[in-house]
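Just below is one structure, and these are the notes that go with it.
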Amino acid sequence: LVARDKRTTISKTREVLDEARGGILFIDEAYTLGMVSRRSNRADTAQDAIAELVASMDESSRTGGASDENAPLIILAGFPMEMQSFLVNQPELRTRFPLTFEFPDYSCLELAQIFADLSHAKGFDLDSNLSISDIAKLLDKETTASWRTEHNGRLSEMLLTGARTEVRKRMRAAQFEDVDDVDPQLIMREDIENVMHEDFK
């Protein structure tokens, strides 16, 4: 939504709103609109984006007394504390978002299931001695609740990225040792353990 100057920001925000017409505009980590960047006048241009969002919502509700059926449903999402702080400082936005939903963080088992689903979607299989329950237990053992909260669903993506790196390492090692039976699509328990020990700190 935010560009380097006011005119481009307004144009960009209008374009995003137009693309979302008849659907949903989901703004993840919306609180970043309230963050100041040292390298640019981001706070000023972000304020322009916010003003454009507010103007769009007002305009869609003004259409002859009836609301514009094609106006997008706008959802602001982000971490609870950051969103509360952001909305406190944005009264124009706060009054237009009367409903707040807070979702609990994913459990270790849910994160493990998301990881398995992502892995299968990318064409990977889990080794027979690596169950979703095993991954959940490793997550519980190797990470703290606060660290999991900070990363939430991204944790599963991070785990897959790390596991893919481990698979590539195993394949390179097998080439040096002239081993032919390495499955490039198989994620093993040691891959997960290595990622958690090395990357999940």
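Consider segment 175-189 and keep the residues that are among the charged types (D, E, K, R) and part of a loop (DSSP other than H, G, I, E, B). The one that is least open to solvent (accessible area, probe 1.4 Å) is Asp183. A count restricted to segment 66-105 and to residues that are closer than 24 Å to Ala145 by Cβ, open to solvent by 100 Å² or more (accessible area, probe 1.4 Å) and assigned to a loop (DSSP other than H, G, I, E, B) stands at 5. Could you check segment 117-138 and list, in sequence order, the residues that are among the hydrophobic types (A, V, I, L, M, F, W, C) and in contact with a Leu (Cβ under 6 Å, 6 or more places away or on another chain)? Result: Leu118, Ala136. Close Cβ contacts (under 8 Å, 6 or more residues apart or on different chains) running from residues in segment 111-137 that are open to solvent by less than 30 Å² (accessible area, probe 1.4 Å) to residues that are basic (Lys, Arg) comprise Leu111/Arg148; Phe124/Arg164; Leu130/Arg189. Considering the conditions (1) in contact with a helix residue (DSSP H, G or I) (Cβ under 7 Å, 6 or more places away or on another chain); (2) assigned to a helix (DSSP H, G or I); (3) among the small types (Gly, Ala, Ser); (4) modelled with pLDDT under 95, Ala51 is excluded by exactly one of them, (1). Residues satisfying the criterion are absent from segment 138-151 (criterion: exposed (fewer than 12 other Cβ atoms within 10 Å of the Cβ), at pLDDT below 90 and part of a loop (DSSP other than H, G, I, E, B)).
The values are calculated or read from the model by the stated rules, or taken from the named source; none is laboratory data. Everything numeric here is computed off the predicted structure, so don't read it as measured data. Glycine gets a Cβ as well: all are built from the backbone with ideal geometry, and neighbour counts include every protein chain shown. Ligands, DNA and RNA are stripped out before the accessible areas are found, and what is left, the full protein with its side chains, is counted by its heavy atoms. Shrake-Rupley method; radii C 1.70, N 1.55, O 1.52, S 1.80 Å.
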